[in-house]
Structure formats: structure tokens, C-alpha cells
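Each remark here refers to the structure printed beneath this line.
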Amino acid sequence: MNKIKQTLMTFAILVSIGSAFAFRPHTSKAFENGLYYYNGSGYVPVTGNMGQGYLCVGNSDVCTYFFNSSTQTYNPYITGNYTPVALTGK
Amino acid sequence: MIRRQVLIECISALLIMLFLYASVSKFLDFTTFNGEMNNQPLPNSWTPFLVWFIPGSEIAISLALMIERTRLAGFYASLFLMSLFTIYTAIILFHFFSYIPCSCGGVIKKLTWNQHLAFNLFFVALSVCGIILQRRKHYSLHNQQKNSFV
């Protein structure tokens, strides 16, 4: 029983920590060039931070993008609708 | 008896995987997690407390579930935390707040709020099963010890 327990616990720890590292978003890329939102005609840098300056509301659409300098494209970062709010936050 | 113990181990392992994955991913991308917390319809003044309390309690629950002596307490704590998440998700879905935030702050970012609710309910049920099995194990061990004295 102890062998089963140890195997299961080791498996659980390795899988959870390993997958957290494996599925880690490449935020360094996102923050290298800042975040942008699409205003209908072009990509504009966001004002402030998420929750302080803007909110990402709902799950449809893309709220913010990051500029990938290697592919020269704007890639989706956070889902939702970009909604500006006061810089002081809620 | 052995089957029950294997079930307890499997439930613990699933909960440990959930809480460890959730906490480690939050710490690995702390800036984004901070933003996601600010994006929730809760006062921003709560964020500095929540960004440490949530992953901290997730790690504490994982540790409690790993150790036999603290496992029952770990199951109760897991039920409490998962119930809080479930209630919060239900409140969001019932449009209790002025807006529905993106569901990006959850353990699996691609899940919608409805999927989050189902996911959370599954782990609430798993915690309840863990509590029942662990308590039965305690009672049967206690009875065995009592009978051996008679």
C-alpha cells in the first residue's frame, strides 16, 4: 500500500508542477513590447493595467494582444471585450 | 479496506494535482495573475491579500493531503475552498455583479464560466467523497483498536 501511495503522490506532484511549467504562457514576450487592444482600425497600446485602466469583460472577442517581434504580428493575449475604466481602478 | 484506501489515495492525488498546478501556474505568471484578480468584480484593495492567500492556501491544502495525519483536515479545507470558488462562479453566472469578467483567471483559462462551474462541482463532490471515505477509515480503525482491547 505504501508503494502505491508513494507512486501516486510522486506522479501527482511531478505532473502538476511539470504541466504548470509546460503550459506557462510566454508573458515575457507579451510584456517586452507592452499590450495592445484593437479599436476597430488598428492596435493601440492599453492604458494602465488590467483592472486599473481597463477591464476584460465577457468571453467573446479578444481583449488584449501582444506584439510578437519575431513574426511581426499582434497575437491574442487575454479574451474578453476591452472596456476602459478609471486608472484608479474599481 | 484496500479498495477504500486506493480510492482515498486516488482522490488525494487528483486534488493535489489540481491545487499544485493552480498555485504553481499562478506564481509562474504572477503579474498576469495580479491583473486577473484586479479584473474580477471585487474591490481592487482585496487584490494584495488574495494574490497571496489563494495560491498559499492551495499549497497548504496539497501538503495536508500528502500527510496521512492531516489528510482529513486537507479534505475539509479542499471542500471549503472549492465551495467558495463554486459559489463565486455561480454568483458571476447569476449576474450578481455589474459585469461578467473574462474567465481567464481560472485554473484552466480556456474554460467558460459554465464549464468552470461544472469543473468546480466535480472537485467539490470529490472532496465530499474523500471526507466520507477518510472518516469511515478512521471509524473502522478505531473500532478495530477497541475490539482488540475487549
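The values are calculated or read from the model by the stated rules, or taken from the named source; none is laboratory data. The model shown is predicted, which means the values in this text are computed figures rather than measured ones. Counting neighbours? That spans all protein chains shown, and the Cβs are built from the backbone with ideal geometry, glycine included.
The listed residues are B:90, B:60, B:77, and the only one of them that is more than 9 Å from chain A (Cβ to nearest Cβ), of a type in the set (Gly, Ala, Ser), touching a residue at least 12 places away in the same chain (Cβ under 8 Å) and touching a Leu at 6+ places or on another chain (Cβ under 7 Å) turns out to be B:90. The set of residues in the stretch A:44-65 being modelled with pLDDT under 90 and either in contact with a helix residue (DSSP H, G or I) (Cβ under 8 Å, 6 or more places away or on another chain) or of a type in the set (D, E, K, R) (or both) consists of A:49, A:50, A:51, A:52, A:59, A:61.
Just one of the numbered conditions (1) closer than 30 Å to residue A:35 by Cα; (2) within 16 Å of the chain's Cα centre (by Cα); (3) among the small types (Gly, Ala, Ser) is not true of residue B:35: (2).
Considering the conditions (1) within 10 Å of another protein chain (Cβ to nearest Cβ); (2) not in a loop (DSSP other than H, G, I, E, B), residue A:24 is excluded by exactly one of them, (2). Of the strands (runs of 3 or more DSSP E) lying entirely inside the stretch A:30-85, those containing at least 2 residues that are touching a Ser or Thr at 6+ places or on another chain (Cβ under 8 Å) and buried (at least 19 other Cβ atoms within 10 Å of the Cβ) span A:35-38, A:53-68, A:73-84.
Looking at the stretch B:92-106 only, could you name the residues that are over 22 Å from residue B:57 (Cα atoms) and under 19 Å from the mean Cα position of the chain (by Cα)? Once the filter is applied, which keeps residues that are over 22 Å from residue B:57 (Cα atoms) and under 19 Å from the mean Cα position of the chain (by Cα), the stretch B:92-106 yields only B:92. Inspection of the stretch B:37-52 identifies no residue that is surrounded by fewer than 19 Cβ atoms within 10 Å (Cβ to Cβ), at pLDDT 90 or above and touching a Leu at 6+ places or on another chain (Cβ under 7 Å). Checking every residue in the stretch B:29-37 against the condition of being of a type outside the set (Lys, Arg), within 20 Å of residue B:81 (Cα to Cα) and in a loop (DSSP other than H, G, I, E, B) gives zero matches.
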